[in-house]
1. Nothing charged except the Cβ atoms of Lys and Arg (+1) and of Asp and Glu (-1): what's the magnitude of the dipole of the chain about its Cα centre? Round to the nearest 20 debye.
2. What share of all Cα pairs of the chain, in percent, falls into each consecutive 5 Å distance bin?
3. With r defined as the distance between the Cβ atoms of Glu127 and Lys204 and R0 fixed at 22 Å, what FRET efficiency is calculated, to the nearest 0.05?
4. Given a cut-off of under 8 Å on Cα pairs at least six residues apart, what relative contact order in percent is computed for segment 1-135?
5. Two decimals is fine: what's Rg over Rh for segment 200-249, C-alpha atoms, Kirkwood radius as Rh?
6. Please turn the phi angles of segment 116-129 into ³J(HN,Hα) values with the Karplus equation 6.51 cos²θ - 1.76 cosθ + 1.60 (θ = phi - 60°), one per residue in order, whole Hz, x for glycine and proline.
7. Residue-wise, which Karplus ³J(HN,Hα) couplings in Hz belong to segment 166-172, taking 6.51 cos²θ - 1.76 cosθ + 1.60, θ = phi - 60°, and x for glycine or proline?
8. So who's got an amide H within less than 5 Å of the one on Ala187, skipping anything under 5 residues away but keeping other chains? H placed 1.01 Å off N, in plane.
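Please treat every number below as a calculation from the coordinates, not as lab data. Fair warning: this is a prediction, and the values are worked out from it, not measured in the lab. Cβ sites come from the backbone with ideal geometry, for glycine too, and all protein chains shown count toward neighbours.
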Amino acid sequence: MSTYNESAAPKVTTVRLQAMKDAGEKIACITSYDFTMSRLVDAAGADFILVGDSAANVMMGYDTTLPITLDDMITFAKGAVRGARRALVVVDMPFGYYQGMPDEAVRSAVRIMKETGAAAVKMEGGEEIRESIARVLAAGIPVCAHLGLTPQSVNKFGGYGVRAKGDAEADRLISDALMLQELGCFALVLEKIPAALASDLTRKLRIPTIGIGAGSETDGQILVVQDMLGMNEGFKPKFMRHFGQIGKAITEAVGTYVSEVKTVTFPSATEQY
Ligand code: KIV
């Protein structure tokens, strides 16, 4: 007897992402941190779901991604993985669980894979975390790399501005990207860098690039789901497009509910036993 469900849509794999790049098909990525949202974005056709450490901001209300723990990430990821039937689910390794600590990096990545059922992890940085990434890859765990604005280093950068505008930083980013590809990372997120640099890198690299604030010529795009749905009204950087006004719709719907509870128009005679 097999537990394989033949009627299920084939899962997107890291191999499939590479085939998409090779065929010139764009990769649609989005974040999700729970079961219900994953079901919705998966049904909409997202190829890649990231359980990002942006959960620290949009799910927990922190100002930065630094405070979120590995246990927090695992809890969010357990729900997000269960909601995804087709999309590849990738989980962010949180700050403090891999930088400069290759043994700890493997332990953290193994916990994510074992306890959540995700297909891969994402790690921020280049040369400075080379050994940690190499050890995670050697354990058979696919790694998505992340360069440019890496929010876990916000205190080093002094803010969330555009990265690699100057030649020296751009050269370093290109050499990091080539090194990460040679190490075996299956994809590379490029956050908030000039579009021309992202385009150049996308042509240079064999592996797919996924952009956020990196122009239209990366192999895919990623946005934080609450931001693109218009649930964080105050957050509107230049690269963000609101594809819906769900925040407004929620406030209006809940407002109607509150008023109907208060006026006893809910529940009606047909809504009771
Ligand atoms: O944590 C996150 O959501 C991310 C994406 C914005 C790439 O790293």
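1. 380
2. Final binned percentages: 1, 6, 12, 16, 18, 17, 12, 7, 4, 3, 2, 2, 1, 0, 0.
3. That pair, Glu127 with Lys204, gives E of 0.80.
4. Worked out over segment 1-135, it gives 23 percent.
5. Here the Rg-to-Rh quotient is 1.11.
6. 10, x, 5, 9, 6, 10, 10, 10, 8, x, x, 3, 5, 10
7. Running phi through 6.51 cos²θ - 1.76 cosθ + 1.60 with θ = phi - 60° gives x, 4, 5, 5, 5, 4, 5 Hz.
8. Ala145
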